[in-house]
1. So residue 450 clears everything in (1) touching a Gly at 6+ places or on another chain (Cβ under 7 Å); (2) open to solvent by less than 10 Å² (accessible area, probe 1.4 Å) except one condition, right? Which one?
2. Which of the residues spanning segment 969-994 are surrounded by fewer than 19 Cβ atoms within 10 Å (Cβ to Cβ) and modelled with pLDDT of 90 or more?
3. Is it fair to say residue 1327 is touching a residue at least 60 places away in the same chain (Cβ under 8 Å) and on the phi < 0 side of the Ramachandran plot?
4. Could you tell me whether residue 1502 is touching a residue at least 24 places away in the same chain (Cβ under 8 Å), in a loop (DSSP other than H, G, I, E, B) and surrounded by 15 or more Cβ atoms within 10 Å (Cβ to Cβ)?
5. Suppose we filter segment 1144-1162 for residues that are basic (Lys, Arg), surrounded by 18 or more Cβ atoms within 10 Å (Cβ to Cβ) and not in a strand (DSSP E or B); how many remain?
6. I'd like to check something: does segment 467-481 contain any residue that is open to solvent by 60 Å² or more (accessible area, probe 1.4 Å), over 30 Å from residue 381 (Cα atoms) and in a loop (DSSP other than H, G, I, E, B)?
7. For segment 1328-1339, does any single residue satisfy the condition of being open to solvent by 20 Å² or more (accessible area, probe 1.4 Å), among the polar types (S, T, N, Q), outside any loop (DSSP other than H, G, I, E, B) and at pLDDT 85 or above?
Amino acid sequence: MVIVPPVSVAWSAAQAIFKPLKRELSFVFSYKKKADSRDHKYKKLKAALVRVQSAVEDAQRCGEEIIQDVKDWQKQAELKVEEPEVISDEDPKCFFGWCPNLKYRYDLAKKADQDAHVLDKLLDLHSAFKNTFSHPYDPQVRWAMPSESYIAFDSRESIVNLILEASKDHTLKVIGVHGEAGVGKTTLINRVAKKAKEDKLFDWVALADVTQTPDINNIQREIAECIRHNLEEGGATARACRLSTILGKEKKVLVILDNIWASLKLEEVGIPFGDHQHRGCKVLVSTRNPNVLSEMNADRSYPVHALKEDEAWKLFMKIVGVRVNDASVQSTALDVCRRCQGSPLTIVTTANCLKRKPSSEWESASKQLTSPSSAVELSFNHLANDELKSTFRLCSLMPYNATIFDLLKYGRAFGLLPGINTTEEAHQRLHRLVQYLKSSCLLFDGRMAEKFAMHEAVRDVAASIASRTGDMFFMRNEIRPRELLYAGSLRNCTTISLFYNDFIRLPDRLECPQLKVFQLYNKNPALRISDQFFSKMEELKVLDVKGMQNLSLLPSSLGLLQDLETLCLESCLLQKMEMVENMKKLEILSFYDSIIEELPEDIGKLTQLKVLNLDNCSKLSVIPPDVLSKLSRLEELHVSNSFAQWEDGQSAGRHASLGELNQLPHLTSLNLHIPDYSSMPKKIFSEKLQRFKILIGNTWDWSDKHEASRMLKLKLNESIHMNNGVQMLLKKAEDLHLDELKGVRDFLYDFDESRTGFPQLKYLHIQNAPETKHIVNLVEEVSLVAFPVLESLYLQNLINLEKICNAQLEMQPYAKLREINVGSCYRLKNLFAFSIARGLQQLQEVQVADCRNMVEIITEGRGSDVGDDEATSTVELEQLQSLTLQQLPKLISFNASSTAIALFNEKVTFPKLKNLKLSSISVSRMWQEKIFSVPKCIQNLTSITVEGCGNLKFLLSSSMVLSLEQLIHLEISDCKLIEGIIEEAKMEETMEKIVFPKLNSLKIKGLPRLTRFCSGKEVQFPSLKQLQIEHCPMLGTLISNFVKNEIQPLFNGNVAFPRLEKLVISHLRNLKMLWNGQLPESSFCELKTMEVEYCSQLQTVFPFNMVERFQRLQTLIMTGCASLEEVFGLQRLNVEENEAEVAIPLKKLHMYDLPKLKHVWSKDPQEMITFKNLTSVYAFGCESLKTLFPASVARGLRQLESVEIDTCGVEHIIAMDETPQPETRFEFPKLTFLRIWKLKLKSFYPGDHSTEWPMLKRIVTYHYGDMKIFTSEQLRSKQMRRVSQPLFLVEKVVPNLDELTLDSRDISMLIREDLPPNLFSDIKLLQVHCYHQETAILPFGFIQNFTNLDKLYVGCCKFRELFPSERLIGDPKKPLGTLSRVRTLKLFLLSNLRHIWKPNSKPDLIPPYLESFLVSHCSKLVSLAPSSSSFSNLTSLDVWHCHGLEHIISSSTAKTLVQLTKMSIRECREVTEIVENDEEKAGETLEEIVFSKLVVLELNTLSSLLYFSSGGYALKLPSLEEITVIQCPYLITFHGGKELSTPKLNKVWVTEEMDRSCWEGDLNATVSKKMVSGARRAPDNWADSY
């Protein structure tokens, strides 16, 4: 025992008392010092805040996202800076001025000390930013970012979850959301998009704004960008085909169409969906009007209502903050919130407006708030100045996704830019104004970084405010009236906005002598502007016209607009523009997206012009020389995706030369494409350029992932020699793409002639540089700062690259690097040395692929770039979140220095890693055992994907699982040696169970040696919702118990899935039993979707003792299980026991290729187990199945909507009732579709019965057996005693039908009966099948009973001819009778058919309204139609597998195809020519054939084809944008005549996937190269295609 002296105790006690006292007294004596220190830090913070705000504005202007930590710091710093300043100069006295005021000094010093502590903290945080305030937006992340005010309310999250659940349902295709304006629909669907991506429900989520005026091209572009594709230019139809092809390649896609106002045809956009196009493509639609969802056939819709009162208050409080607790405003705040009526838009707008206002403003607001619009007015009234109010009013004129350039066009006319002389200053000023309006919630971010948007509800208020003075007139999206009424009342207007109205005409003249701004956005291609329309608008400053297709000759009155400063003719068809030269004051001229072939030479007379926008003028082929050089004041020249035929300037030519740019001294913004670098002059680009997007070389497109303000894409076809202009661009570029770098060995050394290290470069993309060995290779220049702000590095196909950085620099290179992507760099052995990797503290994503010599990612090195301490050092990549390693056959380890070789070891760690993907690497162990003592390396992993790693035997150890608490997605596939997922170790034997607490999705696929997930231990998946096990032939049980000689189920008592919703089991050859009765009590109780495929030994899916467990099951799909005999095994079910009814909510039951299936239900459950929710039943290829439903199940199918039975042994659809019933009656009140195809039916039900089908709309039958389908009232009375009853009473069922299939037996019966008139009048689609007699004739007279027929399909018949050659007696306007109305004609499997119409048939016997014509598998057909036939309404022609045809149409017929948009000719081996020349037969000379609307043409597997056409006439295809030529080996030339015109065509596709094309300048030259290959086989079962 230690004895402490009393003195020591006393001294310690004294210290404990006096030490705090001394500190408190120091406040009195050092108050001045502390106050001065605080003031100094306060000034530093103010300066830092100014710098950050400036950097943030610059980043936002460049379209980047501000880092959340920076946003938080800004808020804290602003609050601190706004605090009232404490005056520290005073020193008040006490005791009549004799003594200092100690209390004042103490309080002052204490407060200064506290403030200094807060200021220090803020300044430290500022230093930690290291000048990194932003990063580029990801196209998929932008819309998925929640707003700062977002709260996951129960009322919203419940709808989100319902939508996500619906998106998993295979039977649902279109899902809708509807609600009033401002209720939060867009926020909600953005939340759906984010969750769908996080939960990996879809491979891609694409979102597009539709708006009140849909722009199909823009919708297509937004969808394509979201799935990382760039749609090439072209018309909407061709783009739709390409988009459909792109989407069709993806397995699971969610397409979100936001803000739809009217029904939209998905096929016109290019969205494939549904069973026959793309089962994995779902469409989510949001709209104000629920009727729109009905019109778009939405399968399910969800209303979005206003927020509940408590939810509204939570949202209000979140925005206002602590101020809401202030007693002076608390009660008023509650009243204000209630007056917002639960509208999120109103709440957000109002709360942001009032949060910093005094209490008097709150009270005033409470009285003003009477509606959502009053909230917008309140915010408008509180805007800080008139300039902001003018900007807000101006935004009411803008399109939905507007840009700063849109504002610039109108800025001066609205008085926004006083004292600003340059467009660069104007851009900056307008950007700041927009940012302020965003902070007031009057504007919000657009879909793309450089855009902004105004909510439609806010826009309505803005337009109302703007029009109150009487001098602004708005008319927006009006369907009626069809013309501008009361034009005389507009006389005193200064602004007129006519925005996408439904006008068919405009006044001849609009008399508005005070008009300053005229905006006309048009959607009617036939609308014209009269010649004198502008003659009384002498004061006009801004004319903005969009979408006019009849401006080939500009109105002459435009020449009178002498004071015009802005002229925008965008998305117009333009030819002659002589009047433009008179507009001497013009400063902004835009022809954006217009069809214009030649820029007028007189443009050079516009000497005041500052902005010339020719972007997206893809047909612009001529800019005359010396026009641009005369525009000496030009500041912005935009020529992207437009003119590129620049002359070299050495000699006089037809086009402008690049040297003219040198004569534009004020140029600050430039977009252009220079196809050939060698033709560039030495000096071309000015140092004044602030913004540019320049493409040099013929490789590039205009895609812009990072949306940087200074982008350069450069392809060098010769050895490196760059002129001064390009060097300047390199020095300024933020986004740099380089291709074919010949002669470049060391990139930085060869490219950076100024030795500045690319100080502004953020994104570097290098591809195809075969001679490049180093990116940075500096041995002596150690002081150079290399790539100080580089954020993204992409290196592709640098086949000789040896090192990315071979240097030891004083300043860390790549310090700001966030993303590195390296592919096909075959000599690269590692990415970085330790000395470089230590500085990569911003690195978030690493992707390395196809580097065949890559040994390690981070190396300790062996050369000059290695420090002395690297042998013992470690690296922590503290921000790394995503790591992808693919096709690296020599990879040993992430760092190969450790003695224990594993992919990951303790030398390099990444504590924030979330996503890990490994593909085709050869490591045999992923984790070094010691790493498990450092769980921070794996503790944040949310996704692990391992595929094609052929040496791995196990993935994880059970001890490692303890650290995977955040894991959400786990996928293992195609690893040929894996035996188990979790490796067992002796030291872990004491572990009782393994838990994956957050795992949501588990996919196990293609593991040929897998025998178990793990052995022995209990495994729990409390959060797992999706489980997929495929192609694991040796797997019999998931958790092995090592029990011999006993069949083990896949799922036993050792594994628990309490929340599993989707289960997919496929190709488990060793599986004999799915489950047994020993499962944990809650396992599979939430299962909703189950798919079982190709499990060859499985005999039963649900044993009798398991059925009760699946009371949430909604979808069951079984495919290719060769031994399956029953689905629901109910043999041991005791129906006599009085147990409670078990209701299985199964909706969808689909069975494919189950050859031994004898029973779906092995025993009639007698209503002890019910299936009353079934809506869809499909059975295909079940040869042993004799009956489909037990009688008790059939009686309960009141929700059934669709039944399809195809190629089965079914004899009776419903089995004989096991218990006698007084009346056997079956009612199907919701059944709309019945398809019975290739069956052996004897009866619907073997006993006497009655049926009801009140909603039946479609009946499709084919080779269904001996059962009769139809009978009549008269026949039924004669056949009452027959055992086999016909299925339908024709008088009762047919009147409701839309679609009907009849065979020869049905028609024979119906012809004999005396049926009611107009019985078939509502049928729109008729299929005629199975006339197998050699002498059969189409029952043309019977078909006349179908008076409203729209579609006629004829198949599997031996007709030699179809239609008569003479007119029918009756209406002379209808020579074909009712067939005159037919719009779609499909003919297939007509083996004897030689003529559809006889050669001598009258021309008017062709259905005049025919739009779609398909002929398939008619092998003896010799002609489609007589040579004189006319198909003036035909839009689609498809001929397939018709080997008797030598040509498709005659030249006379071709002239009539004025509406044809798509032609497809496939697998017709005798066709030599598509269009046969019949000039001699017709007795006339043909000058030209014009397929004016043909957009898509397919020629596929035509082994004898020589020409498309060979006549001497001119062939013109002005709209052709897409042509596919595959396996046409003898195609000599496309057209043999005098002229072939295809102005929109620039490639020929040579594969069906449209992933390879060729082009030799014109179509004839291209096809003659015979660069075509590949083939498509016809499906074995023709019925699958129809």
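1. (2)
2. Residues satisfying the conditions are 971, 974, 976, 977, 979.
3. So residue 1327 passes the test.
4. yes
5. Residues flagged as basic (Lys, Arg), surrounded by 18 or more Cβ atoms within 10 Å (Cβ to Cβ) and not in a strand (DSSP E or B) within segment 1144-1162 amount to 1.
6. Checking segment 467-481: at least one residue is open to solvent by 60 Å² or more (accessible area, probe 1.4 Å), over 30 Å from residue 381 (Cα atoms) and in a loop (DSSP other than H, G, I, E, B).
7. There is no residue in segment 1328-1339 that is open to solvent by 20 Å² or more (accessible area, probe 1.4 Å), among the polar types (S, T, N, Q), outside any loop (DSSP other than H, G, I, E, B) and at pLDDT 85 or above.
Quick grid of which residues meet (1) buried (at least 18 other Cβ atoms within 10 Å of the Cβ); (2) part of a loop (DSSP other than H, G, I, E, B); (3) over 40 Å from the mean Cα position of the chain (by Cα):
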| position | (1), (2), (3) |
| --- | --- |
| 1079 | yes, yes, yes |
| 1084 | yes, yes, no |
| 1087 | yes, yes, no |
| 1090 | yes, no, no |
| 1095 | yes, yes, no |
| 1105 | no, yes, yes |
| 1108 | no, no, yes |
| 1113 | yes, yes, no |
| 1121 | yes, yes, no |
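The values are calculated or read from the model by the stated rules, or taken from the named source; none is laboratory data. The structure presented is a predicted model; accordingly, all values stated were derived computationally and were not measured. As a convention, Cβ positions derive from the backbone with ideal geometry for all residues, glycine included, and neighbour counts pool all protein chains shown. These area figures cover heavy atoms from the full protein model, side chains too; ligands, DNA and RNA do not enter into them. Shrake-Rupley method; radii C 1.70, N 1.55, O 1.52, S 1.80 Å.
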